[in-house]
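**Student:** Please find one structure pasted underneath; my questions will follow.
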């Protein structure tokens with residue numbers, strides 16, 4: 001799929017990996033819908049330019065996602081790409097001095113990261129299925145965000161690792177479900193990236209993270225994540241796969 005024919009629905013699009021992806025896709029000719037709950041979402045869309053629009057919504061809400069898809073279609077005609085970057089994380093041990101891990105926070109992480117991702121996939125796929133196919137018979141592309149935590153979960157990451165492992169595991173069956181419609185599905189599992197969360201770490205902590213990455217020994221640039229999304233959109237043979245984007249990083253227990 002060519003970027004100048006792409007209308008991308010990017011969740012978590014107001015900051016971090018989602019914003020870098022939306023900005024890169026727009027820079028290379030795509031039109032983008034930034035889907036987020038952030039107060040600065042409108043400004044984030046304005047910063048990208050005329051090819052961007054902001055939709056405030058919760059990814060776990062069917063009504064809100066449908067309203068955002070309606071907005072995208074009203075503004076740009078259709079949606080033929082989805083990038084799922086919205087997610088939450090907590091750090092809590094299964095058992096600690098505070099007692100057992102509370103169930104509510106575990107369920108919230110799975111609700112946002114897993115159910116939220118699937119909610120967007122299913123509703124967007126229903127719209128993509130009626131798109132006019134391109135010359136390669138494609139109607140859409142979906143890119144999800146997992147994490148190296150799906151494979152190398154650290155101490156305190158039971159909820160987060162479970163949610164990202166679920167995204168990895170559902171990639172292939174969803175790709176198979178949608179293959180007959182000409183909709184591809186891939187997942188990216190990023191390592192440590194210079195998102196706002198990590199950018200706020202003390203310098204010593206940042207250097208420790210960077211030293212764990214074999215090569216290049218630094219935090220990933222969010223634009224590099226966006227570059228991988230761009231490649232997935234443009235490369236029609238990428239389907240049903242999870243791609244680690246981590247500089248050969250394998251996370252230690254803590």
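The values are calculated or read from the model by the stated rules, or taken from the named source; none is laboratory data. Owing to the predicted nature of the structure, the values given are computational and were not obtained by experimental measurement. Glycine gets a Cβ as well: all are built from the backbone with ideal geometry, and neighbour counts include every protein chain shown.
**Student:** In segment 83-106, which residues are loosely packed, with under 13 Cβ neighbours inside 10 Å, in contact with a helix residue (DSSP H, G or I) (Cβ under 8 Å, 6 or more places away or on another chain) and assigned to a strand (DSSP E or B)?
**Tutor:** none
**Student:** Can you spot a residue in segment 228-249 that is exposed (fewer than 12 other Cβ atoms within 10 Å of the Cβ) and closer than 26 Å to residue 8 by Cβ?
**Tutor:** For segment 228-249, residues exposed (fewer than 12 other Cβ atoms within 10 Å of the Cβ) and closer than 26 Å to residue 8 by Cβ: present.
**Student:** Can you find a residue in segment 188-198 that is surrounded by fewer than 15 Cβ atoms within 10 Å (Cβ to Cβ), at pLDDT below 95 and at negative phi?
**Tutor:** Within segment 188-198, one or more residues are surrounded by fewer than 15 Cβ atoms within 10 Å (Cβ to Cβ), at pLDDT below 95 and at negative phi.
**Student:** So which of 120, 141 ends up being under 20 Å from residue 245 (Cβ atoms) and at pLDDT 95 or above?
**Tutor:** Just a single option satisfies the conditions, and that option is 141.
**Student:** Taking only segment 134-192 into account, find how many residues are within 18 Å of residue 82 (Cβ to Cβ), in contact with a strand residue (DSSP E or B) (Cβ under 9 Å, 6 or more places away or on another chain), touching a residue at least 60 places away in the same chain (Cβ under 8 Å) and in a loop (DSSP other than H, G, I, E, B).
**Tutor:** Adding up the residues that qualify gives 2.
**Student:** Now for a separate question. Residues of segment 70-84 being closer than 12 Å to residue 53 by Cβ and under 17 Å from the mean Cα position of the chain (by Cα), which ones?
**Tutor:** If the condition is that a residue be closer than 12 Å to residue 53 by Cβ and under 17 Å from the mean Cα position of the chain (by Cα), then 79 is the only one that fits.
**Student:** Same structure, new question: Any residue at all in segment 147-158 that is under 18 Å from the mean Cα position of the chain (by Cα), within 30 Å of residue 247 (Cβ to Cβ) and crowded, with 23+ Cβ neighbours inside 10 Å?
**Tutor:** Restricting attention to segment 147-158, the residues satisfying the condition of being under 18 Å from the mean Cα position of the chain (by Cα) are 147-151.
From what is left, the residues that are within 30 Å of residue 247 (Cβ to Cβ) are 147-151.
Now drop any that are not crowded, with 23+ Cβ neighbours inside 10 Å, which leaves 147.
Checked against the condition, which is being under 18 Å from the mean Cα position of the chain (by Cα), within 30 Å of residue 247 (Cβ to Cβ) and crowded, with 23+ Cβ neighbours inside 10 Å, segment 147-158 yields at least one hit.
**Student:** Taking the conditions exactly as written (modelled with pLDDT of 95 or more and over 15 Å from residue 229 (Cα atoms)), does residue 32 satisfy them or not?
**Tutor:** So residue 32 fails the test.
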